[in-house]
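Engineer: The following block contains the structure, expressed as structure tokens.
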Amino acid sequence: MTDVKSATGYQCNFPLFSKVPESIAAPKLMKSVYFLDSNFLVKVRLIYPNCIGFNFHEIVRIAHCLKRCEEYGVETGVNWVNGQDVVMKRDLEDDGEIFDSFDEFRVVKVDSGREYLRVAKDPGI
């Protein structure tokens, strides 16, 4: 963990897994990073050729995204980074407890006037 912090400036406050044992991994051509949810289901799998190093900034970004999605019922956009606006899920009820955790949000509409997206400040910061 100290190597990650010294290399990227990020303090990892989540579990990291080491390389998958060779007995279950592809024969030394690829390496993978897995993200598991609280029920130990795989949510994201990154696969890299051995000649390419891991991108710790992307790994941290994915961890923040998954945490926001699970805790607040939101989604993140392309190239989202911690602290940027998030998208409220379409099935989020207007009167639900999670919905109430947003101080304010803006509605993006399409030409027909129908609601397309609800964008809110990142509730996790």
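Engineer: For a quick check: sort Ile59, Ile52 by the number of other beta carbons within 10 angstrom, fewest at the front.
Structural biologist: On the way: Ile59 19, Ile52 9.
Ascending Cβ contact count within 10 Å gives the list Ile52, Ile59.
Engineer: Among Phe105, Phe56, Phe40, rank each residue by its count of other Cβ atoms within 10 Å, from fewest to most, as a rough exposure measure. Intermediate values should be presented prior to the final figure.
Structural biologist: On the way: Phe105 15, Phe56 18, Phe40 6.
Least to most surrounded, the residues fall as Phe40, Phe105, Phe56.
Engineer: Would you mind checking which residues have amide H under 5 Å from Tyr10's amide H? H placed 1.01 Å from N; only 5 or more apart, or other chain.
Structural biologist: none
Engineer: Glu75: net charge of surrounding residues, Cβ under 10 Å, Lys/Arg +1, Asp/Glu -1, itself excluded? Display every interim value, and only then the final one.
Structural biologist: On the way: positive: Arg68, Lys89, Arg90; negative: none.
Combined, the nearby Lys, Arg, Asp and Glu give +3.
Engineer: Could you calculate the contour length gain from Val42 to Glu58, that is, 0.36 nm times the residue separation minus the distance between their Cα atoms, to one decimal place in nm?
Structural biologist: Details: separation 16, 0.36 × 16 = 5.76 nm, distance 1.69 nm.
Length gained, Val42 through Glu58: 4.1 nm.
Engineer: Enumerate the amide H contacts of Val44 below 5 Å, restricted to partners 5 or more residues apart or on another chain; note that Pro and chain-start residues carry no placed amide H.
Structural biologist: So Val44 has HN proximity to Phe35.
Engineer: Once label points are set 7 Å from the Cα along Cα→Cβ at both Glu104 and Ser32, what is their separation, rounded to one decimal in nm?
Structural biologist: 4.5
Engineer: Which order results if Asp85, Asp111 are arranged by neighbouring Cβ count within 10 Å, fewest first? Provide the component values of the computation, followed by the final result.
Structural biologist: Working: Asp85 14, Asp111 6.
Fewest to most other Cβ atoms nearby, the residues stand as Asp111, Asp85.
No lab work stands behind these numbers, since they all come straight from the coordinates. This one's a predicted model, so the numbers in the text were calculated from it and none came from an experiment. Cβ atoms come from the backbone with ideal geometry, glycine included; neighbour counts cover every protein chain shown.
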